[in-house]
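The values are calculated or read from the model by the stated rules, or taken from the named source; none is laboratory data. These numbers come from a predicted model, not from an experiment. Here the Cβ positions follow ideal geometry from the backbone for every residue, glycine too, while neighbour counts run over all protein chains shown. Side chains are part of the model used for accessible areas, which takes the heavy atoms of the whole protein and leaves out ligands, DNA and RNA. Shrake-Rupley method; radii C 1.70, N 1.55, O 1.52, S 1.80 Å.
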Amino acid sequence: MKHASPQPFEKAFPQTNHPDLPPSAASLINNRVITVEEAEQLIADSLETLPSETVSIEDALGRVLRETLRADRNAPPFNRSTFDGIALSYAAIEQGRSAFPITGTAFAGSPRLSLDDSNACVEIMTGAPLPDQADCVVKVEDLDIVDGTARIREGTPLDRGHGVHPEASDCQAGQVLLEPGCQLTAKELSIAASIGKAELLVSQIPRISIFTTGDELVPIAAQPLPHQIRRSNDLALDSALASTGYVQTRRFHILDDLKETESVIASILEQSDIIILAGGISKGKRDFLPEALETAGVSKSFQWVAQRPGKPLWFGDYTINDRKSYVFALPGNPVSCFTCLHRYVLPALDQLCGLPARAPQYAKLKSEFQFKPPITLFIPVLIEYDANGQTWAEPLPFNTSGDYISVARTQGFIELPQNETQFVSGSAHRFRPWQT
Ligand code: AMP
Ligand code: MG
């Protein structure tokens, strides 16, 4: 097919047969302009967590845990020495003794020794089990060792338990260490490794398809004719997904042709958990996506959101073999497209994987701002951090939602709510960074 012929930068797109379509969902279609909050809620309500799978711990970095991890034994599993030095009975020090004959050496990795003579000591290495009867470790730096006897230097501060990391003081066997929904970074993997979890139950990786549409768009390496432009949205979307950890993506471009659009959508639905379409979703004469999505049997949830940029934002879902896929059709304008990805698609991907919502971030407006239309405004901002720990957002004046060049200077966008028109300097608003 013409649309699927791979461009140099495109990834392979395996074709399948047309899936069986579910009954028409036209009755569910709602053409109302909804609020940002309604859109967010409809998406959240529709999403079902992806199935889980078992993977080797070696392949689990960045994945979302779907099981509870408990300590398999006490940590530490024995009273361990925190210094290289000598282990002894503190009672002997209380009785005024300061010189101790050395009766053995306890190494890390060797079985526990016994301190049979309470007036003697055992040489001990960091990480070794404390001998039975010993309850104090004196550092080698605080000792003079001559002819097999260790003498404690005068004035060395000591106590019962000094230099001992007691058994079970970090956690007890059976204690919950990690809960489902946590993202496995280096520190979580270190815990999993320490309790012997060579395999972990994690969320499957979401399969993402990125489509762009438009006859005017040519590949990056092409020389555009005067009426053409190079396409950039697909690479921008893919890069933003990858930098958030969502790397299982395929992308390709569809011309403004109804049949071609229908054919590609039908072939991809079954193989994708999320389909991101960019462009062709508004009211233009060649905006074929709404019709093609309906023909494919994708159940529309909404198509218009009271926001700028990004009023044409189509969301729906499709179920085949008990597995749902979700379609986000974003406006083609680069800034609208990028903003809607961050505002709706990335949080949806997190939810799909079973991650809890990320902690909200806020920034204070650096200068007063007025905005009359009764819609939510997403405005790109330059961020500054001051010495009082405050985050300030300077709104960037930009030309249109096609002005992606100005936006490149910003760090993210703030969200100014629909029901206000006057935003005073110093007022705090939700900030969403371009990079998480
Ligand atoms: P549309 O939503 O299809 O009407 O597109 C709106 C604007 O975004 C048009 O000026 C398109 O040329 C532009 N646009 C759409 N898709 C892309 C893309 N992949 N890369 C760059 N610009 C695009
Ligand atoms: Mg278009």
**Q.** GNM top mover of Q223, Q411, Q271 - the chain, alpha-carbon springs below 10 Å
**A.** Q223
Q: Would you mind estimating how fast the stretch 338-436 diffuses translationally, via Stokes-Einstein at 4 °C and 1.567 mPa s with the Kirkwood radius over Cα pairs, in µm²/s?
A: 91 µm²/s
Q) Which of S203, S46, S81 moves most in a GNM of the chain, Cα contacts under 10 Å? A) S81
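Where in the stretch 127-161 are there trypsin sites (Lys or Arg not before Pro) that are in a DSSP coil and have at most 16 other Cβ atoms within 10 angstrom of their Cβ? Don't skip to the end; give the middle numbers.
On the way: sites: K139, R151, R153, R160; in loops: R153, R160.
Taking the stretch 127-161 and a limit of 16 other Cβ atoms within 10 Å, the loop trypsin sites (Lys or Arg not before Pro) found are R153, R160.
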Q) Once amide H atoms are placed 1.01 Å from N in the peptide plane, what residues at a sequence separation of 5 or more from I320, or on another chain, have their amide H within under 5 Å of its amide H? A) S325
Q: Could you work out which residue, out of L47, L201, L130, moves most in a Gaussian network model of the chain, that is, has the largest mean-square fluctuation with Cα springs under 10 Å?
A: L130
Q: Using a 1.4 Å probe and ignoring any ligands, DNA or RNA, find the accessible area of R97 and quote it in Å² to the nearest 10.
A: 100 Å²
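In what sequence, largest accessible area first, do W392, W314, W434 appear using a 1.4 Å probe?
Details: W392 60, W314 5, W434 25 Å².
Largest to smallest exposure gives the sequence W392, W434, W314.
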Q | Amide H contacts under 5 Å for F302, placed H, 5+ residues apart | A | F315
(Q) From zero outward in steps of 10 Å, how is the percent of C-alpha pairs of the stretch 112-266 spread across the bins? (A) 8, 20, 16, 12, 12, 9, 9, 9, 5, 0
Q. Long-range amide H contacts for R251: which residues qualify at under 5 Å (H placed 1.01 Å from N, peptide plane, sequence gap of 5 or more or a different chain)?
A. K11, I210
Q | Alpha carbon centroid spacing (whole Å) that separates the stretch 227-247 from the stretch 387-436 | A | 22 Å
Q. How much accessible surface area, in Å² rounded to 10, belongs to the heavy atoms of S425 with a 1.4 Å probe?
A. 70 Å²
Q. Can you list the HN-Hα couplings for the stretch 189-204, worked out from phi with the Karplus curve (6.51, -1.76, 1.60; θ = phi - 60°), rounded to whole Hz and with x for Gly and Pro?
A. 5, 5, 5, 4, 5, 5, 9, x, 8, 6, 10, 9, 8, 9, 5, 4
Q: List the aspartates and glutamates whose Cα lies under 19 Å from the Cα of K285, skipping any in the same chain that are fewer than 8 positions away.
A: D215, E216, D256, D257, E260, E262, E294
Q. Reachable lysines from K300, Cα under 19 Å, same-chain residues fewer than 8 places away excluded?
A. K283, K311, K324
Q: Taking the Cα centre of the chain as origin, sum charge times position over the Cβ atoms of Lys and Arg (+1) and Asp and Glu (-1), and report the length of that vector in debye to the nearest 20.
A: 1440 debye
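Hey, with R₀ at 51 Å, roughly what FRET efficiency would E420 and Q133 work out to, going by the Cβ-Cβ distance, to 0.05?
0.10
Per residue, what volume in Å³ does the convex hull of the Cα atoms of the chain enclose? Don't skip to the end; give the middle numbers.
Working: hull volume 92.1 nm³, N = 436.
For the chain, the hull spanned by Cα atoms encloses 211 Å³ per residue.
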